[in-house]
1. Residue check: is N158 within 22 Å of D222 (Cα to Cα), polar (S, T, N, Q) and either in a helix (DSSP H, G or I) or near the ligand (Cβ under 9 Å from one of its atoms) (or both)?
2. Tell me which of these G86 doesn't satisfy, since it passes every other one: (1) at positive phi; (2) crowded, with 16+ Cβ neighbours inside 10 Å.
3. If a residue must be within 11 Å of the ligand (Cβ to nearest atom) and within 19 Å of A122 (Cα to Cα), how many such residues does segment 137-155 contain?
4. Hey, does segment 99-118 have a residue that's outside any helix (DSSP H, G or I) and farther than 23 Å from A161 by Cα?
5. Looking at N39, N118, which one is touching a strand residue (DSSP E or B) at 6+ places or on another chain (Cβ under 7 Å), touching a residue at least 12 places away in the same chain (Cβ under 8 Å) and buried (at least 18 other Cβ atoms within 10 Å of the Cβ)?
6. Could you tell me whether S145 is crowded, with 23+ Cβ neighbours inside 10 Å, closer than 20 Å to S235 by Cβ and of a type in the set (S, T, N, Q)?
7. Which one of these is closer than 25 Å to G234 by Cβ and not aliphatic (A, V, I, L, M): F103, F123, F75, F169?
8. Can you tell me which residue in segment 214-248 is farthest from T50 (Cα to Cα), limited to those that are hydroxyl-bearing (S, T, Y) and away from the ligand (no atom under 16 Å from the Cβ)?
Amino acid sequence: MSIEQPLAGTTCVVTGGSRGIGAAIARDLAGAGADVAVNYKSSLESAESTVEDIQHRGQSAIPVQANIAKRDEVFRMADEIRDEYGAIDVLVNNAGITHDQRFDRMTEAAWENVLEVNLTGAFHCTQAFTEDLIGSDQGRLINISSIVGERGNYGQANYAATKAGLIGFTKSVAKEFGRYGTTANCVAPGFTMTDMLKQVDEDIREKICEKITLGRFAEVEDIAPVVTFLASPGSGYITGEVISVNGGMSL
Ligand SMILES: NC(=O)c1ccc[n+]([C@@H]2O[C@H](COP(=O)([O-])OP(=O)(O)OC[C@H]3O[C@@H](n4cnc5c(N)ncnc54)[C@H](OP(=O)(O)O)[C@@H]3O)[C@@H](O)[C@H]2O)c1
């Protein structure tokens, strides 16, 4: 292991690595020397573009399709990744969706869809890779929560429930994985410039931005290095924690 390549010799899986925060995480982990499996649900072109970007820099990555809400697809994907790289070391549960509705009008479908992807999806992926993570000398589970899971947000009861749920999930798994030396942590980004944020109306975005101490939304490059840090040997004594990366926001 070198300081420039702290993740050399490790394999990382990033769910939802085709676009947005996940793509930046995949690039950053590869830049630190890891082999990276880039999961996507439907955006094959975007996943291939993330992978090509990584490969052009002489690093190793593969695209892997699976809807993380479907357990059989997740376990099939895990086999495909192991066929290519062997057992993995780091799982980043990043894939997530929103379906915003005021609570009194929230449909059961909006509630269930968001829970199935954001929370149950992380459950499936973590179970598919648990043996790898606890068997690795550098096993790391990193779950992407949100400032909304920490503080709540208007119109996002479903999303907030999943992101708060991920925090409880992470803290519990950290207790179980600890005896194997495997850590589990959350990163809780603030509002970040991706397709997800672009779905929010411009006037609402302006109001949100006024609450950010640093006066701007996060770029994906503000989030990714924190994940790489949690994947790296230097963070091996941090577990069960939530690292907030929100520009000093008062939501
Ligand atoms: N953007 C923000 O302001 C913000 C703030 C805090 C936390 N977060 C969290 O950060 C994570 C990434 O958000 P983002 O803004 O980068 O989102 P994004 O730009 O909308 O990208 C979402 C990613 O998740 C994947 N995905 C969605 N549903 C999936 C499924 N069922 N199975 C597999 N992959 C699936 C997408 O794959 P396809 O390309 O194939 O659709 C895509 O790669 C999410 O968990 C989100 O909740 C975002």
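1. Spelling it out, it is not the case that N158 is within 22 Å of D222 (Cα to Cα), polar (S, T, N, Q) and either in a helix (DSSP H, G or I) or near the ligand (Cβ under 9 Å from one of its atoms) (or both).
2. Of the numbered conditions (1) at positive phi; (2) crowded, with 16+ Cβ neighbours inside 10 Å, the odd one out for G86 is (2).
3. Residues meeting the conditions: 8.
4. no
5. Within the list N39, N118, the selection yields N39.
6. Against the criterion (crowded, with 23+ Cβ neighbours inside 10 Å, closer than 20 Å to S235 by Cβ and of a type in the set (S, T, N, Q)), S145 qualifies.
7. Answer to the selection: F169.
8. Y237
Coordinate-derived values only; no laboratory data. Keep in mind that this is a model prediction, so the values were computed, not measured. Using ideal geometry, Cβ is built from the backbone for each residue, glycine included, and neighbour counts are taken over all protein chains shown.
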